[in-house]
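Here's the structure, in structure tokens; my notes come after.
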Amino acid sequence: MTFTAYWLGRVAYDHGHALQSKLVEARVRGDVGDVVLLLEHDPVITLGRGAKSAHVLAGADELRERGVALVETARGGDVTFHGPGQLVCYPIIDLKPDRCDVRKYVRDLSNVMIGLAHDHGVAAGIVPGSQKHIGVWVDEDNPTQWDEARVQALELLPNDVRLAKIGAIGVRLSRWVTMHGFAFNVATDLANFGLIVPCGIQELGVTSLKALGRSVPALDVLARQAHAHFARIFDAEVLTGSTEDLLARFGI
């Protein structure tokens, strides 16, 4: 298995979505191999297939004043925010023939973010068995430790665990070719999450490497660190592709 990874820099959401769509069509046809797009977005709130309008707390005027776009998408999940300081990853991967397991794929994406957090001294993990709390979490009061057994069900969380999401996941599959992916909070302005109910979860917070007191690298450096985690978790060779060549072929 070979992935070609591209660092796109800062990209408007609509442009990134258009590029994904072209690559998915090309991957389904077999015209390209497996691709991983890494980037950051201009400020945008995205609504997944399960989004509730009430989970967007800001009105149109406030969003316009703050320069935040609002976009409906076909990914899974509820409402989330993307913006500068957040590493966004869109794998365009054909899961056939031996990876046709959506839950495993989502767990694999979680493990990439868990690896990135670990690289920077943060212990992160998932909430096992919960369909509502998809994504990657940390204990804000103790970010250097993660005990998965203690958080198997949110109802059973001890009082000394204060969960906050550091990485969100929302995916879509077309003929087992993946689209959308994950967003990992590095130095994101967390105040923007106050415009929404993130992922429809009101009772828990959102955090980032910076908010946890970590020294954070530039996003392009973090993107290159992600290559190693994709290689390890997907048992793949990860090549670095030319963004210039990619955009020349699939211009947006």
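Considering only residues of region 138-159 that are open to solvent by 90 Å² or more (accessible area, probe 1.4 Å) and in a loop (DSSP other than H, G, I, E, B), which is modelled with the highest pLDDT?
Going residue by residue through region 138-159, those that are open to solvent by 90 Å² or more (accessible area, probe 1.4 Å) are 141, 145, 150, 152, 155-156, 159.
Among the residues that remain, those that are also in a loop (DSSP other than H, G, I, E, B) are: 141, 145, 152, 159.
Working: D141: 88, Q145: 92, Q152: 64, N159: 60.
This residue is Q145.
Which one of these does D220 not meet: (1) in a loop (DSSP other than H, G, I, E, B); (2) touching a residue at least 60 places away in the same chain (Cβ under 8 Å); (3) surrounded by fewer than 17 Cβ atoms within 10 Å (Cβ to Cβ)?
The single condition D220 does not satisfy is (1).
Quick one: in region 164-184, which of the residues that are over 22 Å from A18 (Cβ atoms) and open to solvent by less than 10 Å² (accessible area, probe 1.4 Å) is farthest from the chain's Cα centre (by Cα)? Let's see the steps before the verdict.
Of the residues in region 164-184, the ones over 22 Å from A18 (Cβ atoms) are 164-167, 184.
If we keep only those that are open to solvent by less than 10 Å² (accessible area, probe 1.4 Å) as well, we get 164, 166-167, 184.
On the way: A164: 15, I166: 9, G167: 6, F184: 5 Å.
The extreme case among them is A164.
Under 9 Å by Cβ, and 6 or more places apart or on different chains, what pairs join a residue from region 232-252 that is open to solvent by less than 50 Å² (accessible area, probe 1.4 Å) with one that is among the polar types (S, T, N, Q)?
Listed pairs, sorted by first residue: I233/N111; A236/T2; V238/T2; V238/T4; G241/T4; L246/T4.
Which condition number in (1) out of contact with any Leu (no Cβ under 8 Å at 6 or more places or on another chain); (2) in a helix (DSSP H, G or I); (3) of a type in the set (G, A, S) is the one that G213 fails?
In the conditions (1) out of contact with any Leu (no Cβ under 8 Å at 6 or more places or on another chain); (2) in a helix (DSSP H, G or I); (3) of a type in the set (G, A, S), G213 misses (2) alone.
Does any residue in region 127-144 that is touching a residue at least 24 places away in the same chain (Cβ under 8 Å) come within less than 8 Å, Cβ to Cβ, of a residue that is open to solvent by 80 Å² or more (accessible area, probe 1.4 Å) six or more places away or on a different chain, and which pairs are these?
Going by the 8 Å Cβ cut-off, the qualifying pairs are V127/Q152; P128/Q152; G129/Q152; D139/Q145; D139/R162; E140/R162.
The values are calculated or read from the model by the stated rules, or taken from the named source; none is laboratory data. Since the structure is predicted, the reported quantities are computational estimates derived from the model, not experimental observations. Heads up, the Cβs are rebuilt from the backbone with ideal geometry, glycines too, and the neighbour counts pull from every protein chain shown. Keep in mind that these areas ignore ligands, DNA and RNA; they rest on the heavy atoms of the full protein, side chains included. Shrake-Rupley method; radii C 1.70, N 1.55, O 1.52, S 1.80 Å.
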